[in-house]
Amino acid sequence: MKVAVVIGKDAHELERFAAEQLCDYLQRLFDIYTRPTQDLPPLTEVLFLVSSSDTNLSIKYLFPKLMEIGKQDIVWQRLYCQDFEKEDLPVSRSILLIGGGSPQSTLWAVYELVEKWGVRYLLHGDVLPEKSRFQLPDVDLVMEPALPVRQWRVINDFACGPESWGMADYRIVIDQLAKLKFNRILLSLWPWQPFLHYQVKGIERRSATLWFGFHYPITDDMIGRDLFGDEIEFWNPDLPYDADYQELTTAGIQFVRDLIDYAHKRGIESVVTATLTEFPPEFAPLLKESQKVRQLAELTIVPGAGTEIDDPILTDLAATVLQATVNTYPRADYVALGMPEFRQWADMYHKAWKILDDKYQVSAYGSLEDILDSAKVRIGYAGGPDRAVQEVKGDIVALYFYDRLIRELKVLEGTYCPDIKFIYSSVAEELFPILPYIIPAGGETLNFVDYTASRIVQRRDVLKNVSSSDIPCSLIYTLHDDNVGVLPQLATGSLHQLTKDLRQYGWSGFSTRYWLVSDHNPCIAYLARASWAESVTPDTVYRDQIQVVCGVDCVEDMVKAFHLVEMATTILEMHGLGLTFPVPGMLMKHWVPNPISSQLIEVRQTYQQALKTVKRARKKVQKRGEKYIDYWIGRLEFGIGYLEMIFAVRQASIAETNGKPAEANHHAKIALEFACRALASYANVAQDRSDLGSIAVLNEYVHRPLKAKISEMNQ
């Protein structure tokens, strides 16, 4: 079959890439070899015209529909020979316009067509159909997103998360995210990481590390040793190991720039975080009455609770960080200013509120007393009422502080990006109504209601309170909570409820929060579809993905298994926060003389049911789906083994407390056997750096401490 793919002479780089991708899939699926051309070919059987409304004037002239769509809308339009009579174009039997309101959406239009041909996009690569018949769409298509912000968080923290990924890992996932029509990445940078350098009043930054400064040696006795090659310590592969501050930070900055640039090549915007009230400890001599941050490892300092809101040194520090951020990363599209997880700088909230009220009349949307009273009765919040009230106070101070820096002092004048757009992140929910009046023009909000999806579902009424008609608002979607940790998780059902709410209340979209990623292929497929089509449900997406990847005979079993994992996830989100938090003491905190809870017993039983169901599907899977099924077998065996290990550890502690050392030793050895088997099951199906990081963490905080405890008991 003779096929041509034509692009405009002034085609954008992304349109050229879209055309190349179309040609690549034509070859992979149908053995049709063709390459993009700017010249209309002689007689062909099929002609693809790839264009956005920004380019290819001939196509725009002929098909004005392309000019009427939004920037994110995608179009397929069947064309006919008579459409080209005035253009003196060669006649083709079948002609398809593939386009969009921008070069980015033109790329999505190609990927939508390829998906219609039977390809499914997983986070680590494509799954091609066993057989695919070449045909053009029967009907024209115009798609516009229901959720225009589809954001994926990168870098973040912890060895088991994307902080451990190098560019080789990111390229794979970003390529797949583009196919799934995600359009932003959020580069979540922490003030102790090696991604920003600056100096203030003669003091230069000189300290930086990864994953809170913890270390994960790779030793011959660890489970999964063969996965780590010649590494001696688990580390980000693109950053120099055991380097000095300057070498590490230079490499870190280049890494972040490469990540931004690669995302842009796939039509994905970038958001860079800037932390303006938290600094490395070398700046403590400048900031009077500073205090250590109340956070894991206490690596940074923050203003003292009573620090004045216009303190000149704090202002200089914050202004320098913001200026350094935009000058270091001038190609970023947004800067996100977040609220600290624990609001330690809060005592000046009365003064800050009064200034904001005088300037923006924020009391018209609720008095300070009413807002604080609302925080006191925040229902079901993991931190409790005291933390909720502290969040409101701290956020009032931060909102004033940011407003003063940006609008009053204009600290970005003279930088590379004086007009950068801002996203205010994780402001206390009681302050949602006043944000449109405080955030600089063109800004947005990114909102954190609670740690996990099921917890937000229980308080979903708060989603009504955003001023979504005044300012774009997005919600943080937790796919995989670090508090629940490394156990198998799948939150699609809860996220489905929240997605319906976002559409109903006019929210702009979501931003993912995760550490491990391989569990979430079904969930990401749902989010990708539900962002465009309101009729989509988790089950329709599950069934589609399983049928294509594994075969129709596996559908019922795998859908049941996913539902069971979702049930377990909901229980863990409500009753298991902190259960496998990947920090020192991860296992040994369970060495307490108390039996395992009924909720954890239920989770273990639910995992066991899911494993039985997946193993049943394994007997019927098509070859291309074996890895997909085997992954879930390994992960569920790991989850079951980990909970069995906790049970045995508790039994050992009870025996030890009751003065039965032999029995305690027996249960401890059983726990170690469970740990080894669980880790081996996980190592057998590891797919990416997050999995490797998890295995390194589990060896350091589970396997080694348990062996040490048994050795101590045997002395």
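The values are calculated or read from the model by the stated rules, or taken from the named source; none is laboratory data. This is a predicted model, so every value here is computed, not measured. As a convention, Cβ positions derive from the backbone with ideal geometry for all residues, glycine included, and neighbour counts pool all protein chains shown. Note: areas computed on protein heavy atoms with side chains; ligands, DNA, RNA excluded. Shrake-Rupley method; radii C 1.70, N 1.55, O 1.52, S 1.80 Å.
Quick look at the values:
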| read-out | value |
| --- | --- |
| P(r) tail fraction, segment 94-142 - alpha-carbon pairs more than 12 Å apart, % | 68 percent |
| Solvent accessible area, Å² - residue 221, 1.4 Å probe, full protein context | 80 Å² |
| Average projected area [Cα convex hull, segment 439-515], square nanometres | 5.2 nm² |
| Amide H contacts under 5 Å for residue 444, placed H, 5+ residues apart | 422, 423, 424 |
| At most 11 other Cβ within 10 Å, DSSP loop - trypsin sites (Lys or Arg not before Pro), segment 3-42 | 9 |
| List 131, 116, ordered by accessible area with a 1.4 Å probe, largest first | 131, 116 |
| Residues with amide H under 5 Å from that of residue 95, placed H, sequence gap 5 or more | 47, 79 |
| Relative compactness, segment 629-668, computed as alpha-carbon Rg over 2.2 N^0.38 Å | 1.54 |
| log10 of Debye I(q)/I(0), alpha-carbon scatterers only, for segment 514-568 at 0.13, 0.20, 0.29, 0.31 Å⁻¹ | -0.32, -0.74, -1.22, -1.26 |
| Distance between segment 1-56 and segment 206-251 - C-alpha centres, whole angstrom | 44 Å |
| Sites matching trypsin sites (Lys or Arg not before Pro) across segment 580-662 that sit in DSSP coil, with at most 14 neighbouring C-beta atoms within 10 Å | 619 |
| Accessible area in the full protein assembly, largest first, 1.4 Å probe, for 417, 676 | 676, 417 |
| Where Cα atoms sit under 22 Å apart: lysine pairs in segment 254-395 separated by 8 or more or lying on different chains | 10 |
| Largest-first principal axis extents, alpha carbons of segment 494-610, Å | 51, 38, 22 |
| If the convex hull is drawn through the Cα atoms of segment 343-485, its volume per residue in Å³ | 130 Å³ |
| Accessible-area order (highest first, 1.4 angstrom probe) of the listed residues 120, 331 | 331, 120 |
| Under 26 Å from the Cα of residue 709 - lysines, other chains or at least 8 residues apart | 589, 660, 669 |
| Solvent-accessible area of residue 48 with every protein chain in place, 1.4 Å probe, in Å² to the nearest 10 | 0 Å² |
| Accessible area of residue 142 in the full protein assembly, 1.4 Å probe (Å², nearest 10) | 80 Å² |
| Computed over segment 250-372, the ratio Rg/Rh where both radii use C-alpha atoms and Rh is Kirkwood | 1.04 |
| Estimated 222 nm signal from helices in the chain, with DSSP H stretches of n ≥ 4 weighted -39500 (n - 2.57), rounded to 500 | -13500 deg cm²/dmol |
| Carbon + sulfur, % of accessible area of segment 673-715 - ligands and nucleic acids excluded, 1.4 Å | 46 percent |
| Surrounding net charge for residue 171, when Lys and Arg each add one and Asp and Glu each subtract one, Cβ distance under 10 Å | -1 |
| In segment 187-291, the trypsin sites (Lys or Arg not before Pro) that fall in loop regions by DSSP, at most 16 other Cβ within 10 Å | 201, 206, 288 |
| Selected from 217, 228, 197, residue furthest toward positive end of dipole (segment 188-233; charges at beta carbon) | 197 |
